[in-house]
Amino acid sequence: MKVMVTGGAGFIGSHLVDTLLQRGHALSVLDDFSTGIVANLHSALRSGATLFRADVRESVEVSHAVRTFEPAVIFHLAAQANVRTSVTDPGLDARTNVLGTINVLEAARAADAAVINVSTGGAIYGDTDIVPTPETVEALPAAPYGQSKYCAERYVGLYGRLHGVRAATARFANVYGPRQDPRGEAGVIAIYCGLLEDRKRPVVYGTGRQTRDYVYVGDVVAGLLALLDHPEARGEYNIGTGRESSVLDIVEALRPHARGDFAPDFADARPGEIERSCLDVTRARETLGWTAEVELTKGLEHTMAWARAKRGSVDPAPELAPAA
Ligand SMILES: NC(=O)c1ccc[n+]([C@@H]2O[C@H](COP(=O)([O-])OP(=O)(O)OC[C@H]3O[C@@H](n4cnc5c(N)ncnc54)[C@H](O)[C@@H]3O)[C@@H](O)[C@H]2O)c1
């Protein structure tokens, strides 16, 4: 099948690209390389993937790429994915995440392609008392990033109703794994792995008891493939582990990998940070037959091994990311 991945040069997108190629799909990547890097695509380009250097905010560029490649399915991951940037520049965030998604949907409509959209569970639900949180809980984002991703999801639904575009949305929890940029949405594991390699101690903001649902990148790729295998899927699907881990749990889990002192330094809590975030993944399990399989300790081992190999300028990620 011909498949396009927007944001395919990024952390998650590049793992998806590698796995789709392993499955024998004809593949193209659309990316503007604002946060993605060509190195993430080295093996994909060697395997014959087509690259469109294009900006999702530019409808002409998106429609040109889609018309040229004629994908049957578009995975839409290209996004402004940094929460702090969304607060300082909400216009950029909205242009990329809302207008960018509309441009992808318009191009998909014209080419009769299906869309598998990627959104965020971690940033959409806000501070809710219902944890783990199912898809039915009202979205109350705490930052422009969650708001723009939520708005994009609504357009995905609208294009289904208005134009019959076949589309579904995956709402990811906090994704971690090889190739993650520490500046991203769920950077704490990437940041701590880097500090650990530098023999520095982790900084914990607040009590460290705030929780997140950390899901390994190989598992979210498997979730996206489950959506590909269920073309009848519509609406939103939480993709996480359903398990909460605190920041202090992460520090403890990484401690065995440390070569020096890895005791946390505590700093003031950051304003606006939510206390608990964890996704109820019942819908994905029951309707897609998907569950996260990589235990946190195993995922952290893979991530640490990658961080160490990267120091030696080797990119071992394709071998370390479990094929879905
Ligand atoms: N990392 C997480 O924990 C997490 C959690 C929930 C949802 N998500 C979503 O997953 C997707 C991928 O995130 P990621 O963590 O891999 O981030 P990333 O920054 O590594 O990847 C985003 C990719 O999109 C590209 N991009 C950005 N703006 C673009 C534009 N205007 N035109 C074309 N390409 C553009 C970047 O160059 C990059 O390759 C995003 O949609 C993000 O919102 C990520």
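Figures for the structure shown
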quantity: Gaussian network model of the chain, Cα within-10 Å springs - most flexible of Gly187, Gly206, Gly121; calculated: Gly206
quantity: The chain - percent relative contact order, Cα under 8 Å, separation 6 or more; calculated: 17 percent
quantity: Positive-end residue, the chain charge dipole about Cα centroid, Cβ charges, pick of Leu196, Ala168, Ile124; calculated: Leu196
quantity: Positive-pole candidate from Pro134, Ala9, Val73, dipole of the chain, charges at beta carbon; calculated: Ala9
quantity: Total charge dipole magnitude, the chain, about the Cα centre, Cβ charges on Lys, Arg, Asp, Glu only, Debye to nearest 20; calculated: 520 debye
quantity: CD proxy at 222 nm, helix term only [per DSSP H run n ≥ 4: -39500 (n - 2.57); per residue of the chain; nearest 500]; calculated: -11000 deg cm²/dmol
quantity: Residue among Gly122, Gly223, Gly91 with the largest mean-square fluctuation in a Gaussian network model of the chain, springs linking Cα atoms under 10 Å; calculated: Gly91
quantity: Globularity index of the chain, i.e. its alpha-carbon radius of gyration over 2.2 N^0.38 Å; calculated: 0.94
quantity: DSSP bridge pairs, the chain: antiparallel proportion in percent, nearest 5; calculated: 5 percent
quantity: Order of Phe172, Phe69 - criterion: other Cβ atoms within 10 Å of each residue's Cβ, fewest first; calculated: Phe69, Phe172
quantity: 27 Å Cα cut-off, lysine pairs counted over the chain (separation 8 or more, or different chains); calculated: 4
quantity: Calculated from backbone phi, Karplus (6.51, -1.76, 1.60) coupling profile of region 34-48 in Hz, x at Gly/Pro; calculated: 5, 10, x, 10, 4, 4, 5, 9, 3, 6, 5, 5, 5, 8, x
quantity: Relative exposure of Trp290, Trp306, judged by other C-beta atoms within 10 Å (fewest first); calculated: Trp306, Trp290
quantity: Ratio Rg/Rh, restricted to region 82-187 and using Cα atoms, in which Rh is the Kirkwood radius; calculated: 0.98
quantity: Computed magnitude of the charge dipole of region 72-221 (debye, nearest 20; Cβ of K, R +1, Cβ of D, E -1); calculated: 220 debye
quantity: Computed log₁₀ I(q)/I(0) - Debye formula, equal Cα scatterers, no solvent, region 19-156, q 0.21 Å⁻¹; calculated: -1.25
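Every read-out reported here was derived from the displayed coordinates using simple, explicitly stated rules and does not represent laboratory data. None of these values were measured; they are calculated from a predicted model. Reconstructed Cβ throughout: ideal geometry from the backbone, glycine too, with neighbour counts over all protein chains shown.
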